[in-house]
Amino acid sequence: MVNYRCLSTNTLKVVGLICASVCAWYMGYFFAEVLPEDSLQTAIGSMQKMHLKPVLKAPLPKKQKCATWRTCSSSEVVYRIRSGAGKSVEPNICLEDETIIAGSKKNGNRGINIAVVSYETMKVIATKTFDMYEGDFSGPMVEFINKIPSGSIILVASHDDAVTKLNEAAKKVFEDLGSKEVRNLKFRSQWVLLTAKGVPIPNNIEREKIIHSDGNNRYSGWPAEIQIDGCLPKK
């Protein structure tokens, strides 16, 4: 005996499936005719990319003056003083993105390198290197420093050896300028100093550093570089 109730239910399911298929086909055809082709392609492409994780790109680092990480205000200037290192890495002194002493400028060498800058104009007054390994240059260096005019910023960076021919008068003149480390220099110690004549230098900025030669560093007994940098208030 035929079960009409079961047959009727199956028939309804088949009819419903056919109707759903027809409706789906019609809707697809309708949107294909109404919507522009490029919109459809864009929508399909977007759906295909939904499973992809967004790629976050970090912004490129902003170049800072004197290649430091410092961001100084408009009322300040950036300074960086880096000593020499090894046999051939020359010292480098930079102020407000202007390189004052460097190997590329052919004015940084063995001994004590000094740059003098006007605090009024922030322009370079003089640069000088005094060999402290060969020759008697402590006397000329003391004379040079004593002639620096008041109102000057003095930036000092050593290279190789800064102490062998450094006499008492030279140590005293640097102490008078505020150095706390000049008497701690040893053979091939590296030393950097920011000081001034007749100009107040804030105590909260890096002013001086020293590092001694170490046979375990990457320069095999030659000195490693040392650096100070910061923001110096304008006049």
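Got a number for residues in the range 178-200 being out of contact with any Phe, Trp or Tyr (no Cβ under 7 Å at 6 or more places or on another chain), surrounded by 15 or more Cβ atoms within 10 Å (Cβ to Cβ) and either part of a helix (DSSP H, G or I) or among the β-branched types (Val, Ile, Thr) (or both)?
Going through the range 178-200 one residue at a time, the tally reaches 2.
Please verify whether Lys128 is surrounded by 14 or more Cβ atoms within 10 Å (Cβ to Cβ), more than 21 Å from Arg80 (Cβ to Cβ) and of a type outside the set (A, V, I, L, M, F, W, C), treating the condition exactly as stated.
So Lys128 does not fit the description; no.
Which of the residues spanning the range 97-120 are out of contact with any Asp or Glu (no Cβ under 7 Å at 6 or more places or on another chain), over 24 Å from Trp69 (Cβ atoms) and basic (Lys, Arg)?
Answer for the range 97-120, where residues must be out of contact with any Asp or Glu (no Cβ under 7 Å at 6 or more places or on another chain), over 24 Å from Trp69 (Cβ atoms) and basic (Lys, Arg): just Lys106.
Enumerate the pairs (first residue in the range 131-143 and more than 12 Å from Lys172 (Cα to Cα); second residue anywhere and open to solvent by 80 Å² or more (accessible area, probe 1.4 Å) and at pLDDT 95 or above) with beta-carbon separation below 6 Å, excluding pairs fewer than 6 apart on the same chain, so at least 6 apart or on different chains.
Close Cβ pairs (under 6 Å, with a partner that is open to solvent by 80 Å² or more (accessible area, probe 1.4 Å) and at pLDDT 95 or above) amount to Asp131/Phe137; Met132/Lys165.
Out of all the residues in the range 70-119, which are part of a loop (DSSP other than H, G, I, E, B) and free of Cβ contacts under 8 Å to residues at least 24 places away in the same chain?
Those that are part of a loop (DSSP other than H, G, I, E, B) and free of Cβ contacts under 8 Å to residues at least 24 places away in the same chain: Thr71, Ser74, Ser88, Ala102, Lys106, Asn107.
Under the condition of being among the small types (Gly, Ala, Ser) and within 25 Å of Cys66 (Cα to Cα), which residue from the range 199-235 is farthest from the chain's Cα centre (by Cα)? Write out each step before concluding.
Filtering the range 199-235 for residues among the small types (Gly, Ala, Ser) gives 213, 215, 220-221, 224, 230.
Still in the running and within 25 Å of Cys66 (Cα to Cα): 224, 230.
Numbers: Ala224: 19, Gly230: 12 Å.
That would be Ala224.
Among (1) in a loop (DSSP other than H, G, I, E, B); (2) at pLDDT 90 or above; (3) not β-branched (Val, Ile, Thr), there is one condition Lys209 misses while meeting the rest; what is its number?
Of (1) in a loop (DSSP other than H, G, I, E, B); (2) at pLDDT 90 or above; (3) not β-branched (Val, Ile, Thr), only one is false for Lys209: (1).
For the range 104-121, enumerate the residues that are under 22 Å from the mean Cα position of the chain (by Cα) and either open to solvent by 30 Å² or more (accessible area, probe 1.4 Å) or farther than 24 Å from Arg188 by Cβ (or both).
Ser104, Lys105
Mind telling me which of the residues Val173, Val182, Val163 ends up being within 17 Å of Ser83 (Cα to Cα) and touching a helix residue (DSSP H, G or I) at 6+ places or on another chain (Cβ under 7 Å)?
That would be Val182, the only listed residue that is within 17 Å of Ser83 (Cα to Cα) and touching a helix residue (DSSP H, G or I) at 6+ places or on another chain (Cβ under 7 Å).
Which residue out of Glu134, Glu143, Glu175, Glu168 is out of contact with any Gly (no Cβ under 8 Å at 6 or more places or on another chain), closer than 21 Å to Glu206 by Cα, among the acidic types (Asp, Glu) and open to solvent by 10 Å² or more (accessible area, probe 1.4 Å)?
Glu175
Whether any residue in the range 213-227 is in a loop (DSSP other than H, G, I, E, B), touching a strand residue (DSSP E or B) at 6+ places or on another chain (Cβ under 6 Å), acidic (Asp, Glu) and open to solvent by 30 Å² or more (accessible area, probe 1.4 Å) is what I want to check.
Scanning the range 213-227, I find at least one residue that is in a loop (DSSP other than H, G, I, E, B), touching a strand residue (DSSP E or B) at 6+ places or on another chain (Cβ under 6 Å), acidic (Asp, Glu) and open to solvent by 30 Å² or more (accessible area, probe 1.4 Å), so the answer is yes.
The values are calculated or read from the model by the stated rules, or taken from the named source; none is laboratory data. Here the structure is a predicted model, which is why all the values come from computation and not from measurement. When we count neighbours, we look across all protein chains shown, and the Cβ atoms used for this are built from the backbone with ideal geometry, even at glycine. For accessibility, only protein heavy atoms count, side chains too; no ligands or nucleic acids. Shrake-Rupley method; radii C 1.70, N 1.55, O 1.52, S 1.80 Å.
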